[in-house]
Amino acid sequence: MIAIGEASRQSDVPIETIRYYEREGVVPTPKRAANGRRVYSEKEVGRLRFIKRCRDLGFSIKEAKGLLSLSEGENDNCAMVKDIGTAHLHAVRSKIAELKALEAALKQLTANCKAGSVSCQMLETLAR
């Protein structure tokens, strides 16, 4: 059995995050040793790694939990997993488009700034 500190190290998930995932039901509550400390199996550490990878890819906790559930099912449903992934990809592309528009707007605003000017065109533009 693996203590929470070692589970954290092996999964690269901070201890407080592991506790949060347990409280939120993202991962099952682990067994406790005789001293009351949490102990994890290799499978549970693998679950933490899986959730970490999902979160690193920007999946919500709800989506990560759903993907974990699908990964542990007897019949992996690739169509459902693909749908979740495709929806997430569309959301990421939408965010990228929004960020590009934001970048262009900021570029235009800052291009009008002149060092040493008494009035700031950027502030005036934002005030309009």
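The values are calculated or read from the model by the stated rules, or taken from the named source; none is laboratory data. The structure displayed is predicted, hence computed values, not measured ones. Every residue, glycine as well, gets a Cβ built from its backbone with ideal geometry; the counts of neighbours run over all protein chains shown. These area figures cover heavy atoms from the full protein model, side chains too; ligands, DNA and RNA do not enter into them. Shrake-Rupley method; radii C 1.70, N 1.55, O 1.52, S 1.80 Å.
Annotations
- The chain - percent of accessible surface contributed by carbon and sulfur, probe 1.4 Å: 56 percent
- Scanning the chain for GluC sites (Glu not before Pro) lying in DSSP loops with no more than 15 further Cβ atoms inside 10 Å, the longest uninterrupted stretch between such sites is 75-128.
- Look at (1) 1.09; (2) 1.25; (3) 1.01: the one that is Rg/Rh (Cα atoms, Kirkwood Rh) derived from this structure is (2).
- Only the Cβ atoms of Lys and Arg (+1) and of Asp and Glu (-1) were treated as charged; on that basis the dipole of the chain about its Cα centre amounts to roughly 260 debye.
- Charge dipole (the chain, unit charges on Cβ, about Cα centre) - positive-most of G36, I96, M80: G36
- With both labels modelled 7 Å from their Cα along Cα-to-Cβ, the D56 to C120 distance reads 3.9 nm.
- Per residue accessible area of the chain, 1.4 Å probe, in Å²: 72 Å²
- Listed by chain and number, the aspartates and glutamates whose alpha-carbon sits under 16 Å from that of K43, ignoring those within fewer than 8 places in the same chain, are E6, D12, E22, E72, E74.
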